[in-house]
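What follows is one structure encoded as C-alpha cells, with my remarks underneath.
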Amino acid sequence: MSPKRIGIFGGSFDPIHVGHLMLAQAALERFELDRVFFMPAKLSPFKQKLTMTKATTRYHMVELAVADNPGFRVSDLELNRPEPSYTIDTIRILKDQYPGVKIFFIAGADAVMELEGWMTFEELLREVTFLAAYRPSHTRAQLETEVLRLNTQYEADIRLIDFPDVDVSSSYIRETIMRGGSGKYLVPEAVLDYINQEGVYRDHQRDR
C-alpha cells in the first residue's frame, strides 16, 4: 500500500547519530506518519565549501542505523541528482512517485530560521508541512516567534515538535573519533562498528 503521510528528513548525516533517530521517531509517532525517509544529501547548497565524507559511506551508515525500524527508510534520491541538492526538486519528484501523498519535512530550528533563504521557499511552504524541532542554536521563544510569523505571512503550515534539545552534532562526533575517542552512545552500535572497521573519518574517507 502506498504511504499517505510521509516524513522527509534530509541532511549530510556525517555521521547519522542518536539525535537524528530520536527526532525522526518523535515525528513518526506524534504526527502519525506512515514512514520517514532519510535522504542523505550529495552536497547541501549551504555546505558547498565544507569537506564531506563520501556519499556512499554516509548512505551506508544511514542504512545501518535504520535497519531495525520498520517505520524508517533510506533514500538515494538526492544522491543520484546533480549537485547541489534543492529541497523543492526532491518534493516534486516524491509527489510524482506518490500521488496524493502528504509530505512532512523534518527540520531543526536553524533551518527554519533561515527558511526564507531557501530556493523557491514560498512554493516549498505551499507543498509541505514543516515539522520544526527545537535546537540549542535558538531559544524556544525565538523559534516559536519565527514559526508564528512564517505561518501568518505566508499561510504556511509549520508545526513544532515538542522534542527535547539534544545537543549532539555530527561535527562533534567526527572530532571525537578523530581524537581517538570511542563515539559510544553517540551513534548506533552498528554504525560505530562500521566507522571503526572502515576507518571512517580518516583523511582518505573525505572527498571534498
Requested in this report: Tell me, yes or no, whether region 127-136 has at least one residue that is surrounded by fewer than 18 Cβ atoms within 10 Å (Cβ to Cβ), of a type outside the set (D, E, K, R), touching a helix residue (DSSP H, G or I) at 6+ places or on another chain (Cβ under 9 Å) and modelled with pLDDT under 95.
Outcome: yes
Query raised in the report: Only one of (1) modelled with pLDDT of 95 or more; (2) closer than 27 Å to THR90 by Cβ fails for ASP193. Which number is that?
Result: (2)
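Which one of these is of a type in the set (Asp, Glu), surrounded by 14 or more Cβ atoms within 10 Å (Cβ to Cβ) and over 19 Å from the mean Cα position of the chain (by Cα): GLU63, GLU146, GLU155?
Working: GLU63 fails: over 19 Å from the mean Cα position of the chain (by Cα); GLU155 fails: surrounded by 14 or more Cβ atoms within 10 Å (Cβ to Cβ).
Selected residue: GLU146, the only one of GLU63, GLU146, GLU155 that is of a type in the set (Asp, Glu), surrounded by 14 or more Cβ atoms within 10 Å (Cβ to Cβ) and over 19 Å from the mean Cα position of the chain (by Cα).
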Query - Pairs, first of a type in the set (D, E, K, R) in region 180-208, second modelled with pLDDT of 90 or more and outside any loop (DSSP other than H, G, I, E, B), C-beta under 7 Å, six or more apart - result: LYS184/LEU192; ARG206/THR53
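Only one residue in GLY181, GLY199 is on the phi > 0 side of the Ramachandran plot and not hydrophobic (A, V, I, L, M, F, W, C). Which one?
Details: GLY181 fails: on the phi > 0 side of the Ramachandran plot.
Being on the phi > 0 side of the Ramachandran plot and not hydrophobic (A, V, I, L, M, F, W, C) holds for just one of GLY181, GLY199, which is GLY199.
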Report task. Considering only region 166-191, state which residues are in a loop (DSSP other than H, G, I, E, B) and either surrounded by 15 or more Cβ atoms within 10 Å (Cβ to Cβ) or among the small types (Gly, Ala, Ser) (or both). Result -> VAL166, VAL168, SER169, GLY180, GLY181, SER182, GLY183, LEU186, VAL187, PRO188
Query raised in the report: Got at least one residue in region 85-93 being buried (at least 21 other Cβ atoms within 10 Å of the Cβ), touching a residue at least 12 places away in the same chain (Cβ under 8 Å) and more than 20 Å from SER170 (Cα to Cα)?
Result: yes
Report task. Enumerate the pairs (first residue in region 14-41 and without any contact (Cβ under 8 Å) to a residue 60 or more places away in the chain and within 18 Å of HIS60 (Cβ to Cβ); second residue anywhere and in a helix (DSSP H, G or I) and of a type outside the set (A, V, I, L, M, F, W, C)) with beta-carbon separation below 7 Å, excluding pairs fewer than 6 apart on the same chain, so at least 6 apart or on different chains. Result -> MET39/THR90; PRO40/ARG58; PRO40/TYR59
Report summary line: Subset of region 37-90, residues modelled with pLDDT of 90 or more, outside any loop (DSSP other than H, G, I, E, B), closer than 12 Å to GLY11 by Cα and of a type in the set (Ser, Thr, Tyr), comes to TYR59
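The values are calculated or read from the model by the stated rules, or taken from the named source; none is laboratory data. In this text the structure is predicted, and so the values were computed from the model without any measurement. Heads up, the Cβs are rebuilt from the backbone with ideal geometry, glycines too, and the neighbour counts pull from every protein chain shown.
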